[in-house]
1. Before anything else, pin down the relative contact order of region 116-158: Cα pairs under 8 Å, at least 6 apart, normalised by residue count, whole percent.
2. List the lysines whose Cα lies under 29 Å from the Cα of Lys177, skipping any in the same chain that are fewer than 8 positions away.
3. With θ set to phi - 60°, apply the Karplus curve 6.51 cos²θ - 1.76 cosθ + 1.60 along region 127-143 and write out the HN-Hα couplings as whole Hz, x wherever there is a Gly or Pro.
4. In a Debye calculation with equal point scatterers on the alpha-carbon sites of region 40-238 and no solvent, what is log10 I(q)/I(0) at q = 0.12 Å⁻¹?
5. So for region 40-238, taking the charge dipole from beta-carbon charges (+1 Lys/Arg, -1 Asp/Glu), which of Phe233, Asn208, Pro55 sits furthest toward the positive end?
6. Is region 154-240 rounded, prolate or oblate when judged by the Cα gyration tensor, a ≥ b ≥ c being the square roots of its eigenvalues, rounded requiring a/c under 1.5 and prolate requiring a/b larger than b/c?
7. With a ≥ b ≥ c the root eigenvalues of the C-alpha gyration tensor of region 41-85, is it rounded (a/c under 1.5), prolate (a/b larger than b/c) or oblate?
8. Sequence gap at least 6, Cα distance under 8 Å: using those rules, report the relative contact order of region 40-238 to the nearest whole percent.
Amino acid sequence: MHIVTFNLLAFFHFFISAAEATSVRTGATNLTALTARATGCHDYLIIDSRGTGEPQGRSSQFSGMIQKTFDGLPDGIGISNPYPASSAPNSPASGSVWLRTYLRQAVAMCPQQNYALLGWSQGAAVTWTALGGMKKDDPLHHAIKAVVVVGDPFHVPNVRGNVDQDGHGQTAGAQGKMRGGNSDATIAEWAADGKVLDICFSGDPVCNQWGDRPADHGRYGGSGEVQTLGAQFLIQHLRR
């Protein structure tokens, strides 16, 4: 089992602001244009956003899930959000700007391609921020078929798609440590459409205010049940 050390104090130092998003927009646009062109067009694309402190590359919390999805559906590709995933204040802002910019460019280049967004911990916050304010008639809203988050600090209680590590409802009513603000409406809207799977380990104090096992926050990648739950959801929603 792979356990990722999680620094709770460092995590809560990060925050997201419009000013920070503006400051990183130019650099993110240049990078995403190159990345979007390089991937080409496929039936579907999975984009994962890492948690605080994870190295560049695919998040350890989604490796099995993504591979199982590739095994079940042909002609898919995965890329990873290259944002810092650090405790720096502008880290999540840069991640959300990169993600939204990449999606806009990719949908313009590959309008028939379907998308799934994955995020763990800070990466979940990045994902929800990137989706904030997106209207249902936006081409991006239609193109994004699935959102899978684990250890979500913005976890909203009692919305569709909330499950525990076994796919049951033990944490369905849990509240995330950073829940509130605009993210509540964003999550509720996407969840109501049936596009969200939000997995929260029962002892994870980041997505469950009653959680008393901090180590649970790093257990998603090592859980075969979690990886299978996510892959089944992705295959169901990405299938053409």
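Read the figures in this text as sums done on the coordinates, not as results from a lab. Because the structure is predicted, anything quoted here is derived from the model rather than measured. Quick reminder, even Gly has a Cβ in these numbers, built from the backbone with ideal geometry, and neighbours come from all protein chains shown.
1. Working: 46 pairs, mean separation 24.6, N = 43.
Normalised by residue count, the contact order of region 116-158 is 57 percent.
2. Of all the lysines, those that pass the test against Lys177 - Cα under 29 Å, at least 8 places apart if same chain - are Lys135, Lys136, Lys145, Lys195.
3. Computed from phi, the couplings for region 127-143 are 4, 5, 5, 5, 8, x, x, 6, 7, 5, 8, 6, x, 5, 4, 6, 6 Hz.
4. Relative scattering, expressed as log10 I(q)/I(0), comes to -0.51.
5. Checked the options; the winner is Pro55.
6. Numbers: a/c = 2.14, a/b = 1.09, b/c = 1.96.
In terms of gyration-tensor shape, oblate.
7. Numbers: a/c = 3.96, a/b = 1.80, b/c = 2.20.
Note, shape of region 41-85 comes out oblate.
8. On the way: 442 pairs, mean separation 44.6, N = 199.
That works out to 22 percent.
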